[in-house]
1. Those residues that are surrounded by fewer than 21 Cβ atoms within 10 Å (Cβ to Cβ) and among the aliphatic types (A, V, I, L, M), I need them from segment 156-176; list them, please.
2. I need every pair where a residue in segment 116-128 that is at positive phi has its Cβ under 8 Å from the Cβ of a residue that is surrounded by 12 or more Cβ atoms within 10 Å (Cβ to Cβ) and among the β-branched types (Val, Ile, Thr), sequence separation at least 6 or different chains.
3. Does segment 82-122 hold any residues that are surrounded by 15 or more Cβ atoms within 10 Å (Cβ to Cβ), touching a Gly at 6+ places or on another chain (Cβ under 7 Å) and at pLDDT below 95, and which are they?
4. Need the failing condition index for residue 152 against (1) under 15 Å from the mean Cα position of the chain (by Cα); (2) under 19 Å from residue 64 (Cβ atoms), just the number.
5. Please pick out the residue among 158, 176 that is more than 16 Å from the chain's Cα centre (by Cα) and among the small types (Gly, Ala, Ser).
Amino acid sequence: MVDRKVKSVKVILPVARQKQCVIVERDLKKVQNEYPGRKNNIMKSFKEFVENRSAGHPNRPILGVTEIIDIEGIGEVEAKIDSGNEAYNVLLGLDIEHHGHEVTFTTVKDKRLTLPMTGSVDINIGSGNIESRPTVELNFTIQGKHYTGVTFSLADRAQNDQPVLIGEPFVKKINALIDVKQGD
């Protein structure tokens with residue numbers, strides 16, 4: 001029994017380390033698919049690994065698939081935590097107007113904001129289509145911790161369930177774990 005657990009953990013550890021311990025549902029599914037006969041063992045070992053990692057880091061945030069964040073100037077909004085998005089965080093931005101080094105847009109709760117534009121980013125939105133998006137810096141609080149000067153691109157997320165997307169670089173920066181059973 002101990003040997004099986006050790007083998008399962010050995011299978012899981014490289015995946016977790018590769019993601020710098022950002023626990024991602026797709027990685028677990030990948031491991032499960034590669035070792036179908038040991039699915040229950042892998043699930044149990046993976047859960048124990050996550051619990052042990054977070055137990056050793058009591059200040060390490062554990063984020064759900066969605067989280068309520070409080071953005072200065074906007075208020076509380078639901079954000080999707082997306083470890084597969086390797087680009088910028090994204091905020092709903094409609095009717096975007098550029099004014100020199102500033103950008104004006106309508107966002108969550110029909111708020112119309114004008115903020116300094118910190119740059120732009122080209123995003124591949126599929127089928128070879130590239131979308132150029134302005135970027136701004138925002139201050140927000142998640143799980144009681146305040147972050148300042150976090151870069152967000154502005155995009156039309158009106159068709160998405162959450163108006164804000166928090167991407168993998170930010171999740172890594174705060175050294176967070178993602179609990180796929182939390183906030184979904």
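The values are calculated or read from the model by the stated rules, or taken from the named source; none is laboratory data. Model, not experiment: these values are computed from the prediction. Cβ sites come from the backbone with ideal geometry, for glycine too, and all protein chains shown count toward neighbours.
1. 158, 174
2. Listed by first residue and then by second, the contacts come to 119/135.
3. 82, 85, 87, 88, 89
4. Every condition holds for residue 152 apart from (2).
5. Numbers: 176 fails: more than 16 Å from the chain's Cα centre (by Cα).
Only one candidate passes the filter, namely 158.
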